[in-house]
Each structure stands twice: as structure tokens, then as C-alpha cells.
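Novice: One structure is given below, represented as C-alpha cells, and several questions about it will come after.
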Amino acid sequence: KEGRVIAVSDFTNRQELQVEIDGDAEKAINFPQLTGKCQISDQVVLNTTAVSLNLGTGGAHFVMAILGKRHDFKSSGHIMKLRYTPSQGRVLSVEEPDSPYHQTMKTSKDIQGLPVIVGSLHSMLAPVSIGFNQLAPDKKLVYIMSDGAALPISLSRIVENLQKEQLLAETITFGHAFGGDIEAVNVFSALLAAKHVLNADAAVILMGPGVVGTSTPWGTTALEQGVYLNAVHALLGVPIGLLRISFADTRPRHLGISHHSLTSLTKIVTTSCHLPLPIDLAQNDKINSQLQLLDTHHIHWVDTHGYDSLLETTKLDIGSMGRGVKEDPYFFLSALSAGLLIAQIVNSVATHQV
């Protein structure tokens, strides 16, 4: 549809708009990297698919073009993202010959024991970051964003706020995800860049906002978790699997440890991973029954007592699937325990040998 911009709120690499469409004011999002900046009274072409489908994440109109304005995706680089689509554009990827890091990427072979958390939902990022910074405030945590969900990292308010609060260092976007501090072609070069270009002490791989699900065991982008844990292992890193845990989700397949996590860790992962869980679940019958399926992995019961209040007192807007910390505490405590564990590893004072 076409509409007229009537209000503009600017954020880092993202604009939130009110657009008049057929006499109604509706919400829209614009990514200046793709289209240029919108101003009041601009006429815009909008993709309205998400709203028409009543989607949650992504449930807004998106600006496809500003009528009468020309914009280039980026002015440097030779690697195309969103390839072979009308929105394709070039980026300066960390590996390519024009990159100042080309030689580093060409000669780097592994990530030298870098501990890497891999999870399945973007909403895990904040509690991981909070836990890590509580125990390792002088160390660097790098976020590596996959293309399993939202492609522009600027859609994430939590990334912007974590960086403002200095709870998260640089970001890397790989695949067709874009807009990170560094662009990479795939997960392997993203991991190498985290270690050898950004000098990360630890990293976390998660998709952006949104996740694809079909109510089938294999039809979800969450299964990328298993693939990326294998990548960490292949590059001689320390793979840490972040379990998706909930006792508030009414869907049986997500009760306790989600079937997304179980499928990734039993059917896809080919190595033993470290799995942190909050110690309060150590006597939970449902969890212990499910953990029998994960007996090839190393379980770490992490004491979150004294740290769990950080989730409730933070200024960050923490939530997942419409639920907050009070509604679904173990989802967030699981991610917090991963942040605490990886900080302990970085500080070489883990309570369990890694």
C-alpha cells in the first residue's frame, strides 16, 4: 500500500513511523540503510503483509521505498546481502579483499578455546548479557546475530539498549542478517572475526527478533542452534548450549525443556556441549526426566541465587512471547545461568571443570 508519513521517531538505524493509510494512522518501521531516511509528509510504499496476517514480531508495516527519493544500500564492499531480491545491497564483509581484516581472516584457523553460548531466541540475549557482566564486567561479550529471524539488527531495541548500558560489546551479523558492527558471510567467519578481529573474551549466537515455527519437530529456525554449536566445536571453541525452558508456556512441546532444544541437542549436535541450568531446577522431576535424553552433554547447575533479582531490577525491557520474568521465571533464569557460567569460564573460576 501507499501512505503518507505523519510522525517520525528516530532510533539507531531504525525509524518508527506513523503513516496515514486510507485515512487511518498506522505504525510502520523504516530502515534507513535500505531506503534512506523518512521525513514528515513523505509518500511511502509499504509492505503490509505482517499486519494483514496478525503476526506478533514483525507485526508492523515496513517501508519499501520513499517515493521520489534515491538511496544506495551502502557505499563500499562487494558482498551482497538480501541477494537477488529488490532490496539487495552491498556490504563490506570482514573477509573480503577490501576489508582491513582480510589478511587476519585469511590466516585465522580456529577460535582458540573461545567460549560461545548458542541459543534459539533473541529474548535470551538480555539475561545472558546481564549475567555475564555481573561476574566479568571487565571482559568483552560479542553478540553474533544469525539470519534465522529478523535480518536487520536495528530492529532489536534490546541490542541498542544493551550497548548503551555497556552490557554488550560489538555485534556481528552473518548470512543475510545485516547492520552489525561487522558483517560476515557465515557463522564460521563470524566466529573467527569475534576472536581475532574484535578480541572477544566470549560470544553469544542468537537469531534476531522473531522465530519461525510450524508446530512440527523439524520445521523451525530454532534448530540452527545445533548447527552453530557444531560450528563452535569445529573451530576449537567451547560450545555452550542455552536451553529454552518454560513452565508458563501452555503448549506441551515447550513444557520444561522445549522440543526445539531437545531436537537440536539430540539429533543435530555431534559433540558434547556444556548445558547450564539454574540450580533451583535440580530437583524438578520434569527437567530430570528430560535431561536423561541429554546424557552425552555436561550439565552445570548454576547457583542464580543473589543474581535473579538483577532481572527484575534492570532498566531493560525484558520479555519473551509476551511474558515477563514474573510470568515465566525459568526461561530467563536459564539464560541468566548461561551468562553466569560463561563469565566463570572466562574468569577461570568455574565451579565445574570445563
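Novice: State all residues of region 98-112 that are surrounded by fewer than 14 Cβ atoms within 10 Å (Cβ to Cβ) and either touching a helix residue (DSSP H, G or I) at 6+ places or on another chain (Cβ under 9 Å) or hydroxyl-bearing (Ser, Thr, Tyr) (or both); if no residue qualifies, say none.
Specialist: Here is the first cut: in region 98-112, the ones surrounded by fewer than 14 Cβ atoms within 10 Å (Cβ to Cβ) are 98, 100, 103, 106-107, 109, 112.
Scanning region 98-112 gives Thr107, Lys109, Gln112.
Novice: Now a separate question. Take the residues in region 234-250 that are within 15 Å of Ile117 (Cα to Cα) and not small (Gly, Ala, Ser); name whichever of them is most open to solvent (accessible area, probe 1.4 Å). Give the derivation first.
Specialist: Looking only at region 234-250, we keep the residues that are within 15 Å of Ile117 (Cα to Cα), and these are 234-244.
Okay, now just the ones that are also not small (Gly, Ala, Ser), so 235-236, 238-240, 242-244.
On the way: Leu235: 17, Leu236: 104, Val238: 27, Pro239: 9, Ile240: 0, Leu242: 1, Leu243: 1, Arg244: 16 Å².
Selected residue: Leu236.
Novice: So, Gly226, is that one touching a residue at least 12 places away in the same chain (Cβ under 8 Å), open to solvent by less than 50 Å² (accessible area, probe 1.4 Å), on the phi < 0 side of the Ramachandran plot and in contact with a Ser or Thr (Cβ under 6 Å, 6 or more places away or on another chain) or not?
Specialist: On the way: touching a residue at least 12 places away in the same chain (Cβ under 8 Å): yes; open to solvent by less than 50 Å² (accessible area, probe 1.4 Å): yes; on the phi < 0 side of the Ramachandran plot: yes; in contact with a Ser or Thr (Cβ under 6 Å, 6 or more places away or on another chain): yes.
For Gly226, the condition - touching a residue at least 12 places away in the same chain (Cβ under 8 Å), open to solvent by less than 50 Å² (accessible area, probe 1.4 Å), on the phi < 0 side of the Ramachandran plot and in contact with a Ser or Thr (Cβ under 6 Å, 6 or more places away or on another chain) - is met.
Novice: Check Pro209 against each of (1) open to solvent by 10 Å² or more (accessible area, probe 1.4 Å); (2) touching a His at 6+ places or on another chain (Cβ under 6 Å); (3) under 13 Å from Val118 (Cβ atoms) and name the one condition it does not meet.
Specialist: With (1) open to solvent by 10 Å² or more (accessible area, probe 1.4 Å); (2) touching a His at 6+ places or on another chain (Cβ under 6 Å); (3) under 13 Å from Val118 (Cβ atoms) applied to Pro209, the lone miss is (3).
Novice: Quick test for you: out of Gln43, Gln33, Gln18, pick the one residue that is within 22 Å of Ser146 (Cβ to Cβ), surrounded by 13 or more Cβ atoms within 10 Å (Cβ to Cβ) and touching a residue at least 12 places away in the same chain (Cβ under 8 Å). Even if it seems obvious, please write down each step before you answer.
Specialist: Values: Gln43 fails: within 22 Å of Ser146 (Cβ to Cβ); Gln18 fails: within 22 Å of Ser146 (Cβ to Cβ).
That would be Gln33, the only listed residue that is within 22 Å of Ser146 (Cβ to Cβ), surrounded by 13 or more Cβ atoms within 10 Å (Cβ to Cβ) and touching a residue at least 12 places away in the same chain (Cβ under 8 Å).
Yes/no matrix, rows are residues, columns are (1) touching a strand residue (DSSP E or B) at 6+ places or on another chain (Cβ under 7 Å); (2) under 22 Å from Val211 (Cα atoms); (3) at pLDDT 95 or above:
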site: Val5; (1), (2), (3): yes, no, yes
site: Val19; (1), (2), (3): yes, no, yes
site: Thr35; (1), (2), (3): yes, no, no
site: Ala60; (1), (2), (3): yes, yes, no
site: Val63; (1), (2), (3): yes, yes, yes
site: Ile79; (1), (2), (3): yes, no, no
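Novice: Examine region 216-223 for a residue that is free of Cβ contacts under 8 Å to residues at least 40 places away in the same chain and out of contact with any Pro (no Cβ under 9 Å at 6 or more places or on another chain), and state whether such a residue exists. Explain how you work it out, then say what you get.
Specialist: Step one: of region 216-223, the residues free of Cβ contacts under 8 Å to residues at least 40 places away in the same chain are 216, 219.
If we keep only those that are out of contact with any Pro (no Cβ under 9 Å at 6 or more places or on another chain) as well, we get 216, 219.
The answer is yes, given that some residue of region 216-223 is free of Cβ contacts under 8 Å to residues at least 40 places away in the same chain and out of contact with any Pro (no Cβ under 9 Å at 6 or more places or on another chain).
Novice: Right, here's the next one. Looking at (1) at pLDDT below 95; (2) outside any loop (DSSP other than H, G, I, E, B); (3) of a type in the set (Phe, Trp, Tyr), find the lone condition where Trp218 falls short.
Specialist: Going through the list (1) at pLDDT below 95; (2) outside any loop (DSSP other than H, G, I, E, B); (3) of a type in the set (Phe, Trp, Tyr), Trp218 breaks only (2).
Novice: Another question about this same structure. Does Ser154 satisfy the criteria of being farther than 21 Å from Ser337 by Cβ and among the small types (Gly, Ala, Ser)? Working first, answer last.
Specialist: On the way: farther than 21 Å from Ser337 by Cβ: yes; among the small types (Gly, Ala, Ser): yes.
Here the answer is yes, as Ser154 does meet what is asked.
Novice: If a residue counts only when it is open to solvent by less than 50 Å² (accessible area, probe 1.4 Å), in contact with a helix residue (DSSP H, G or I) (Cβ under 6 Å, 6 or more places away or on another chain) and closer than 28 Å to Val212 by Cα, which helices (runs of 4 or more DSSP H) contained entirely in region 252-354 have at least 2 such residues? Spell out the reasoning first.
Specialist: Working: elements: 259-263, 285-291, 309-313, 329-346.
Here the list reads 259-263, 329-346.
Novice: Give the residues of region 244-279 that are at pLDDT below 95, within 18 Å of Val128 (Cα to Cα) and over 22 Å from the mean Cα position of the chain (by Cα), sorted by residue number.
Specialist: Matches in region 244-279: none.
Novice: Only one of (1) assigned to a loop (DSSP other than H, G, I, E, B); (2) more than 22 Å from Ile182 (Cα to Cα); (3) touching a residue at least 24 places away in the same chain (Cβ under 8 Å) fails for Glu95. Which number is that?
Specialist: Failing condition for Glu95: (2).
Novice: Name every residue in region 114-129 that is within 20 Å of Glu170 (Cβ to Cβ) and either assigned to a loop (DSSP other than H, G, I, E, B) or modelled with pLDDT under 95 (or both), in order of residue number. So that I can check it myself, show each step before the final result.
Specialist: Within region 114-129, the first condition is being within 20 Å of Glu170 (Cβ to Cβ), and the residues that meet it are 114-119, 122, 124-129.
Within region 114-129, Leu114, Gly119 meet the criteria.
Novice: Here's another thing I want to ask about it. Of the residues that make up region 181-195, is at least one open to solvent by less than 10 Å² (accessible area, probe 1.4 Å), touching a Ser or Thr at 6+ places or on another chain (Cβ under 6 Å), in contact (Cβ under 8 Å) with a residue 60 or more places away in the chain and closer than 23 Å to His260 by Cβ?
Specialist: Scanning region 181-195 turns up no residue that is open to solvent by less than 10 Å² (accessible area, probe 1.4 Å), touching a Ser or Thr at 6+ places or on another chain (Cβ under 6 Å), in contact (Cβ under 8 Å) with a residue 60 or more places away in the chain and closer than 23 Å to His260 by Cβ.
The values are calculated or read from the model by the stated rules, or taken from the named source; none is laboratory data. Not measured: the values here are computed from a predicted model. For neighbour counting, all protein chains shown are included, and Cβ atoms are generated from backbone atoms with ideal geometry for every residue, glycine included. When the accessible area is computed, the model is the full protein with side chains, heavy atoms only, and any ligands, DNA or RNA have been set aside. Shrake-Rupley method; radii C 1.70, N 1.55, O 1.52, S 1.80 Å.
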